[in-house]
Amino acid sequence: MLALLAQSPAAFITVSLLMGLLIGSFLNVVIYRLPLMMETRWRSDCCELLEVEQEKPEATLNLATPNSHCPVCKTAIKPWQNIPVLSYLLLRGKCGSCATKISPRYPFLELVAGVMTVALAWFFDLSPALFGAALLTWALIALTMIDIDHQLLLDD
């Protein structure tokens, strides 16, 4: 597979775009859930420190569970409704179940991750530096959006 990607620039760029779109979709999950997970942990630590009984959370929240669902109707998102960018366009930016509008931020971040991954693939070719640069870029995308939403990163 790596030999094919090294010999065919078109295949390499296409695979890079698809990988970037998929990672962008996962980054949307990270950007939404990681601050919630941190807040839950902080509340737990504070309750423990203050020796106060803690309320039990509704459900376990981590990067893997629960599965993606509509925040309004709580209907689980089907696999075909979770294809980066394409599903957003096919569903016309609405939930497939209750027609609630979905923020264009989700496909935008998927596209940003995809385009940035292609730019890195173009610049670094198939090399170990590409993997390091891609990981750093994806982390910076997630950190930037978390900071925009919650301002958790230090200013200095």
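The values are calculated or read from the model by the stated rules, or taken from the named source; none is laboratory data. On a predicted model such as this, the values are computed, not experimentally measured, just so you know. Because the Cβ atoms are built from the backbone with ideal geometry, glycine has one as well, and the counts that use them run over all protein chains shown. The area values use the complete protein model at the heavy-atom level, side chains included, leaving out ligands, DNA and RNA. Shrake-Rupley method; radii C 1.70, N 1.55, O 1.52, S 1.80 Å.
What do you reckon, is Leu136 surrounded by 14 or more Cβ atoms within 10 Å (Cβ to Cβ) and modelled with pLDDT of 95 or more? Considered against the rule, which asks whether it is surrounded by 14 or more Cβ atoms within 10 Å (Cβ to Cβ) and modelled with pLDDT of 95 or more, Leu136 comes out as no.
Residues of the stretch 139-156 that are assigned to a helix (DSSP H, G or I) and open to solvent by 60 Å² or more (accessible area, probe 1.4 Å): Leu140, Leu143, Thr144, Ile148, Asp149, His150. In the stretch 36-77, of all residues being assigned to a loop (DSSP other than H, G, I, E, B) and aliphatic (A, V, I, L, M), the one that is nearest to Gly96 (Cα to Cα) corresponds to Ile77. Restricting to the stretch 99-124, give me the number of residues that are loosely packed, with under 14 Cβ neighbours inside 10 Å and charged (D, E, K, R). Of the residues in that region, 2 qualify. Cβ separations smaller than 9 Å between residues 6+ apart or across chains give the following pairs from the stretch 58-82 residues that are farther than 21 Å from Leu109 by Cβ and touching a residue at least 12 places away in the same chain (Cβ under 8 Å) to residues that are outside any loop (DSSP other than H, G, I, E, B) and open to solvent by 70 Å² or more (accessible area, probe 1.4 Å): Thr75/His69. Every condition in (1) aliphatic (A, V, I, L, M); (2) in a helix (DSSP H, G or I); (3) within 20 Å of Leu27 (Cα to Cα) holds for Ala129 except the one numbered (3).
Kindly establish whether Val29 is closer than 30 Å to Ser103 by Cα, open to solvent by less than 50 Å² (accessible area, probe 1.4 Å), among the aliphatic types (A, V, I, L, M) and in contact with a helix residue (DSSP H, G or I) (Cβ under 8 Å, 6 or more places away or on another chain). No, not satisfied.
Residues in the stretch 83-113 that are in a loop (DSSP other than H, G, I, E, B), within 17 Å of the chain's Cα centre (by Cα) and free of Cβ contacts under 8 Å to residues at least 40 places away in the same chain: Ile83, Ile102, Ser103, Pro104.
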